[in-house]
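Student: After the structure tokens below, expect a handful of questions from me.
The values are calculated or read from the model by the stated rules, or taken from the named source; none is laboratory data. Only a predicted model underlies this, so the values are computations on that prediction, with no experimental measurement involved. A quick note on method: Cβ atoms are made from the backbone with ideal geometry, for glycine too, and the neighbour counts reach across all protein chains shown. Accessible surface areas use protein heavy atoms only, side chains included; no ligands, DNA or RNA. Shrake-Rupley method; radii C 1.70, N 1.55, O 1.52, S 1.80 Å.
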Amino acid sequence: MSADRSLRILGIDPGLRVTGFGVIDKRGATLRYVTSGCIRTPGGELLLGAVGPLQFEIVAHRLKHEYNVDAVYDTPGISTARWLTYPDEKTRREFEKEQAARLARDVDGNPVYLASNSVNLEVTMKYWPAVHFHATREHGQKLAHQ
């Protein structure tokens, strides 16, 4: 990209009930904040939770050709997620300390392990046999310790 070319960058942080966005302009090495905000669903309704690569390609194409905006999508490097329950507080604290970079909370506050690939998940499950890794949970369910 030449130093004279400007680029508008749209960042999106998708969520089921709240989706965040931010827009910045880049000209050479200079970044300028444009706007940001959140889109919230009324009454706890859910936003579309899964969008495949084809939809991203269509959005990128439309942004480029209809609005002259270059869209670049960066994948998070997550292959799968597993909800977690622990047999006791000590195990929970130790696991969370060791695996902090791979942990998140879902919309209901449940702990979730984010695996980069199936081998990562298998090794972690083998190393932590007391931790329960759940492939599914009910919508709105708050998981309790075992």
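Student: Residue check: is V107 in contact (Cβ under 8 Å) with a residue 40 or more places away in the chain, out of contact with any Cys (no Cβ under 8 Å at 6 or more places or on another chain) and farther than 22 Å from G77 by Cα?
Tutor: Numbers: in contact (Cβ under 8 Å) with a residue 40 or more places away in the chain: yes; out of contact with any Cys (no Cβ under 8 Å at 6 or more places or on another chain): yes; farther than 22 Å from G77 by Cα: no.
So V107 does not fit the description; no.
Student: Take the stretch 94-140 and flag every residue that is part of a loop (DSSP other than H, G, I, E, B), over 11 Å from R82 (Cβ atoms) and among the hydroxyl-bearing types (S, T, Y).
Tutor: Selection gives S116 alone.
Student: Out of the residues in the stretch 100-122 meeting the condition of being open to solvent by 40 Å² or more (accessible area, probe 1.4 Å) and over 12 Å from the mean Cα position of the chain (by Cα), tell me which one is modelled with the lowest pLDDT.
Tutor: For the stretch 100-122, the residue satisfying everything is D108.
Student: Might you check whether a residue that is closer than 30 Å to L7 by Cα, open to solvent by 70 Å² or more (accessible area, probe 1.4 Å), modelled with pLDDT under 75 and in a helix (DSSP H, G or I) occurs anywhere in the stretch 70-78? Outline the logic, then answer.
Tutor: Filtering the stretch 70-78 for residues closer than 30 Å to L7 by Cα gives 70-78.
Filter again for open to solvent by 70 Å² or more (accessible area, probe 1.4 Å), leaving 72-76, 78.
Those still in the list that are modelled with pLDDT under 75 too: 72-76.
With in a helix (DSSP H, G or I) added as a condition, the list becomes none.
No, because not a single residue in the stretch 70-78 is closer than 30 Å to L7 by Cα, open to solvent by 70 Å² or more (accessible area, probe 1.4 Å), modelled with pLDDT under 75 and in a helix (DSSP H, G or I).
Student: Which of the residues belonging to the stretch 9-49 are modelled with pLDDT under 65, open to solvent by less than 60 Å² (accessible area, probe 1.4 Å) and over 18 Å from the mean Cα position of the chain (by Cα)?
Tutor: Within the stretch 9-49, just G44 meets the criteria.
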